[in-house]
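S.K.: My structure is below; once you've seen it, I'll send some questions.
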Amino acid sequence: YFIFLTMTTVTQLPKTEDDDVNQKNINDLSDQLEQSCHIEGNFELIAKSFEDLNLKPEIKEGICSYGFTRPSPIQSRAIIPCINGRDIIAQSQSGTGKTATFVISSLQRIEINKEPIA
């Protein structure tokens with residue numbers, strides 16, 4: 001498996017009135033998804049916020065810089081098992097955060113200070 005990473009600097013843009021409206025829309029959409037999803041499984045922990053995930057500061061900053069304050073239903077249930085190296089099967093509608101779940105979990109598991117394996 002190959003993982004390509006690029007480092008970028010995120011510049012915080014000045015806050016506008018639209019930001020509050022956009023954040024409310026994101027939270028409303030998350031609430032609607034939570035109510036419409038049927039999720040089965042044996043989950044040890046369901047994260048209510050990105051703080052609950054104990055993510056690396058750089059990852060959490062990146063997520064928050066895009067205006068996300070809490071994980072979607074699929075993210076709240078799948079990120080922790082993925083970070084812990086468990087195999088999961090997750091299914092949900094397009095646009096609900098499955099790809100972000102994979103990326104966040106993968107980035108969290110990378111140990112940049114560890115010696116390379118030859």
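The values are calculated or read from the model by the stated rules, or taken from the named source; none is laboratory data. The structure presented is a predicted model; accordingly, all values stated were derived computationally and were not measured. For neighbour counting, all protein chains shown are included, and Cβ atoms are generated from backbone atoms with ideal geometry for every residue, glycine included.
Here is a yes/no grid of residues against (1) modelled with pLDDT of 80 or more; (2) in a loop (DSSP other than H, G, I, E, B); (3) in contact with a helix residue (DSSP H, G or I) (Cβ under 7 Å, 6 or more places away or on another chain):
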position: I46; (1), (2), (3): yes, yes, yes
position: D52; (1), (2), (3): yes, no, no
position: I79; (1), (2), (3): yes, no, yes
position: R86; (1), (2), (3): yes, yes, no
position: T101; (1), (2), (3): yes, no, yes
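S.K.: Q75: surrounded by fewer than 19 Cβ atoms within 10 Å (Cβ to Cβ) and either among the polar types (S, T, N, Q) or more than 17 Å from L107 (Cα to Cα) (or both), yes or no? Lay out the reasoning, then the answer.
M.R.: Details: surrounded by fewer than 19 Cβ atoms within 10 Å (Cβ to Cβ): no; either among the polar types (S, T, N, Q) or more than 17 Å from L107 (Cα to Cα) (or both): yes.
In short, no.
S.K.: Sticking with this one: Return the pair list, or none, for Cβ contacts closer than 8 Å from residues in region 69-84 that are of a type in the set (D, E) to residues that are part of a loop (DSSP other than H, G, I, E, B), at least 6 apart or on different chains.
M.R.: The qualifying pairs do not exist here.
S.K.: Another question, if that's okay. Please specify each residue of region 72-97 satisfying the condition of being closer than 15 Å to A47 by Cα and not small (G, A, S).
M.R.: Of the residues in region 72-97, the ones closer than 15 Å to A47 by Cα are 72-84, 97.
Within region 72-97, P73, I74, Q75, R77, I79, I80, P81, C82, I83, N84 qualify.
S.K.: If you don't mind, another one. Quick one: how many residues across region 89-106 are of a type in the set (A, V, I, L, M, F, W, C), surrounded by fewer than 17 Cβ atoms within 10 Å (Cβ to Cβ) and in contact (Cβ under 8 Å) with a residue 40 or more places away in the chain? Walk me through it before giving the result.
M.R.: Residues of region 89-106 that are of a type in the set (A, V, I, L, M, F, W, C), as a first pass: 89-90, 100, 102-104.
Next, from what is left, pick out any that are surrounded by fewer than 17 Cβ atoms within 10 Å (Cβ to Cβ): 89, 102-103.
Subsequent filtering for residues that are in contact (Cβ under 8 Å) with a residue 40 or more places away in the chain retains none.
Within region 89-106, residues that are of a type in the set (A, V, I, L, M, F, W, C), surrounded by fewer than 17 Cβ atoms within 10 Å (Cβ to Cβ) and in contact (Cβ under 8 Å) with a residue 40 or more places away in the chain number 0.
S.K.: Test each condition in (1) in contact with a Lys or Arg (Cβ under 7 Å, 6 or more places away or on another chain); (2) outside any loop (DSSP other than H, G, I, E, B) for I63 and report the one that comes out false.
M.R.: (1)
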